[in-house]
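The values are calculated or read from the model by the stated rules, or taken from the named source; none is laboratory data. None of the values given here were measured: they were computed from a predicted structure. All Cβ positions, even for glycine, are placed from backbone atoms using ideal geometry, and neighbour counts span all protein chains on display. Accessible surface is based on the protein model in full, side chains and every heavy atom, while ligands, DNA and RNA are left aside. Shrake-Rupley method; radii C 1.70, N 1.55, O 1.52, S 1.80 Å.
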Amino acid sequence: MSDFKDKVVFITGGSRGIGRACALQFAKRGATIVINYAGNEAAATETVKLVTDLGCKAKALRFDVSNTEEVNKAIDDTVKEFTRIDVLVNNAGVAVDGLIMRFADADYSKTLDTNLKGAFNLIRAVSRPMMKQRAGVIINMTSIVGEMGNAGQAAYAASKAGLIGLTKAMAKELAPRNIRVNAVSPGFIETDMTTHIPEEAKKMMLQVTPLARLGKADEVAAATVFLASNDASYITGEVLKVNGGMYM
């Protein structure tokens, strides 16, 4: 299980939920883990401890993914300390819901800045060391909502659909340097982001999900690790759905 021994994996939004699950699954395979977090230092510290308890190196960096200067510094500092970055998982995201006629400009900007511009910033920054290495893997965490849409989630859907376009463009642009770019598209997963969904709405979702249950963060992480592994060495520009069959 040491597929990622001597590899450095950088995960944004890595303190909780899917990001933490990804950190732990990569660590179980021997990777050095660097996570980004926005504000929950206690959760980030806990993730670092969970990784080091598995015998792997880990570090947490607090910065705003939408801030270009902070992103560039974080990537530069990581390369200086660990000499390389082999895998980038763009997982940081926010969801601000609301009907469009009452949706505030600030909420729209926050959603796009974090979910889409943030991923763009990280890809641009990490592409430099990956090009020098002539190797690397980038995985963007999109969403079923970015594929099928959802009422009351215009900004979130737009940001996640944009990530799919960004994934495909970067896959073509970076392939000559042996850098693969893919996306994972989770359905409704048991995380902090879905705890606020009313029970009646959850029941409706399960009725249209062939596997009839919410997904687990570990199931999304397993798909992410697969795409980053040598087992997926001929896969780039793809969107891997992890949604229980809700959208095919």
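Any residue at all in segment 105-128 that is under 17 Å from Thr236 (Cα atoms), more than 15 Å from the chain's Cα centre (by Cα) and of a type outside the set (Phe, Trp, Tyr)?
Checked against the condition, which is being under 17 Å from Thr236 (Cα atoms), more than 15 Å from the chain's Cα centre (by Cα) and of a type outside the set (Phe, Trp, Tyr), segment 105-128 yields at least one hit.
Answer with yes or no whether Thr167 is surrounded by 16 or more Cβ atoms within 10 Å (Cβ to Cβ) and hydroxyl-bearing (Ser, Thr, Tyr).
Yes.
Suppose we keep only residues that are in a loop (DSSP other than H, G, I, E, B) and under 20 Å from Glu70 (Cβ atoms) within segment 17-59. Which one would you say is most open to solvent (accessible area, probe 1.4 Å)? Walk me through how you get there before you give the answer.
Pass one, segment 17-59, residues in a loop (DSSP other than H, G, I, E, B): 29-31, 38-40, 54-57.
In the following step, the residues that additionally are under 20 Å from Glu70 (Cβ atoms) were identified as 38-40.
On the way: Ala38: 84, Gly39: 46, Asn40: 63 Å².
Per the stated criteria, the residue is Ala38.
When the residues of segment 189-221 are filtered to those that are open to solvent by less than 50 Å² (accessible area, probe 1.4 Å) and small (Gly, Ala, Ser), which remaining residue is modelled with the lowest pLDDT? Step through it out loud before you land on a result.
To start, the set of residues in segment 189-221 that are open to solvent by less than 50 Å² (accessible area, probe 1.4 Å) comprises 189, 191, 194, 197, 201-202, 205, 209, 214-215, 217, 220-221.
Now drop any that are not small (Gly, Ala, Ser), which leaves 201, 215, 217, 221.
Details: Ala201: 82, Gly215: 97, Ala217: 98, Ala221: 98.
Applying the filter and picking the extreme gives Ala201.
In the list Ala119, Ala169, Ala161, Ala135, which residue meets the criterion of being at pLDDT 95 or above and either within 22 Å of Thr209 (Cβ to Cβ) or of a type outside the set (A, V, I, L, M, F, W, C) (or both)?
Details: Ala119 fails: either within 22 Å of Thr209 (Cβ to Cβ) or of a type outside the set (A, V, I, L, M, F, W, C) (or both); Ala169 fails: either within 22 Å of Thr209 (Cβ to Cβ) or of a type outside the set (A, V, I, L, M, F, W, C) (or both); Ala135 fails: either within 22 Å of Thr209 (Cβ to Cβ) or of a type outside the set (A, V, I, L, M, F, W, C) (or both).
That would be Ala161, the only listed residue that is at pLDDT 95 or above and either within 22 Å of Thr209 (Cβ to Cβ) or of a type outside the set (A, V, I, L, M, F, W, C) (or both).
Of the numbered conditions (1) touching a strand residue (DSSP E or B) at 6+ places or on another chain (Cβ under 9 Å); (2) open to solvent by less than 10 Å² (accessible area, probe 1.4 Å); (3) among the small types (Gly, Ala, Ser), Ser159 satisfies every one except a single condition; which is it?
Unmet condition: (1).
Being under 14 Å from Val145 (Cβ atoms) and not polar (S, T, N, Q) is the filter here; which residues of segment 216-248 pass it? If you could, list the steps in order and put the result at the bottom.
Just the residues of segment 216-248 that are under 14 Å from Val145 (Cβ atoms), to begin with: 239, 241-243, 246-247.
Listed by number, the residues that qualify are Val239, Lys241, Val242, Met246, Tyr247.
Restricting to segment 1-16, and then to whatever is in a strand (DSSP E or B) and crowded, with 24+ Cβ neighbours inside 10 Å, can you tell me which residue is nearest to the chain's Cα centre (by Cα)? If you could, list the steps in order and put the result at the bottom.
Pass one, segment 1-16, residues in a strand (DSSP E or B): 8-11.
When the remaining residues are screened for being crowded, with 24+ Cβ neighbours inside 10 Å, the result is 9-11.
Values: Val9: 12, Phe10: 10, Ile11: 7 Å.
Looking at the filtered set, the residue picked out is Ile11.
Among the listed residues Lys80, Lys117, Lys73, identify the single one that is under 30 Å from Gly152 (Cα atoms), in a helix (DSSP H, G or I) and open to solvent by 70 Å² or more (accessible area, probe 1.4 Å).
Working: Lys80 fails: under 30 Å from Gly152 (Cα atoms); Lys73 fails: under 30 Å from Gly152 (Cα atoms).
None of the others qualify; the one that does is Lys117.
Looking at Val225, is it in contact with a Phe, Trp or Tyr (Cβ under 9 Å, 6 or more places away or on another chain), among the β-branched types (Val, Ile, Thr), surrounded by 14 or more Cβ atoms within 10 Å (Cβ to Cβ) and under 19 Å from Ala27 (Cβ atoms)?
Working: in contact with a Phe, Trp or Tyr (Cβ under 9 Å, 6 or more places away or on another chain): yes; among the β-branched types (Val, Ile, Thr): yes; surrounded by 14 or more Cβ atoms within 10 Å (Cβ to Cβ): yes; under 19 Å from Ala27 (Cβ atoms): yes.
It is true that Val225 is in contact with a Phe, Trp or Tyr (Cβ under 9 Å, 6 or more places away or on another chain), among the β-branched types (Val, Ile, Thr), surrounded by 14 or more Cβ atoms within 10 Å (Cβ to Cβ) and under 19 Å from Ala27 (Cβ atoms).
Kindly indicate whether Ala232 is farther than 16 Å from Ala119 by Cβ, open to solvent by less than 40 Å² (accessible area, probe 1.4 Å), at pLDDT 95 or above and of a type outside the set (Asp, Glu). Talk me through it step by step, then tell me what you get.
Values: farther than 16 Å from Ala119 by Cβ: yes; open to solvent by less than 40 Å² (accessible area, probe 1.4 Å): yes; at pLDDT 95 or above: yes; of a type outside the set (Asp, Glu): yes.
Spelling it out, Ala232 is indeed farther than 16 Å from Ala119 by Cβ, open to solvent by less than 40 Å² (accessible area, probe 1.4 Å), at pLDDT 95 or above and of a type outside the set (Asp, Glu).
Anything in segment 92-111 that is in contact (Cβ under 8 Å) with a residue 24 or more places away in the chain, in a helix (DSSP H, G or I) and open to solvent by 30 Å² or more (accessible area, probe 1.4 Å)? List them, or say none.
Residues satisfying the conditions are Ile100, Asp107, Tyr108.
State yes or no: is Ala201 of a type in the set (A, V, I, L, M) and touching a helix residue (DSSP H, G or I) at 6+ places or on another chain (Cβ under 9 Å)?
Details: of a type in the set (A, V, I, L, M): yes; touching a helix residue (DSSP H, G or I) at 6+ places or on another chain (Cβ under 9 Å): no.
So Ala201 fails the test.
Between a first residue in segment 53-69 that is under 22 Å from Asn140 (Cβ atoms) and a second residue that is part of a loop (DSSP other than H, G, I, E, B) and modelled with pLDDT under 95, which pairs have beta carbons less than 8 Å apart while being 6 or more apart in sequence or on different chains?
Listed by first residue and then by second, the contacts come to Arg62/Gly39.
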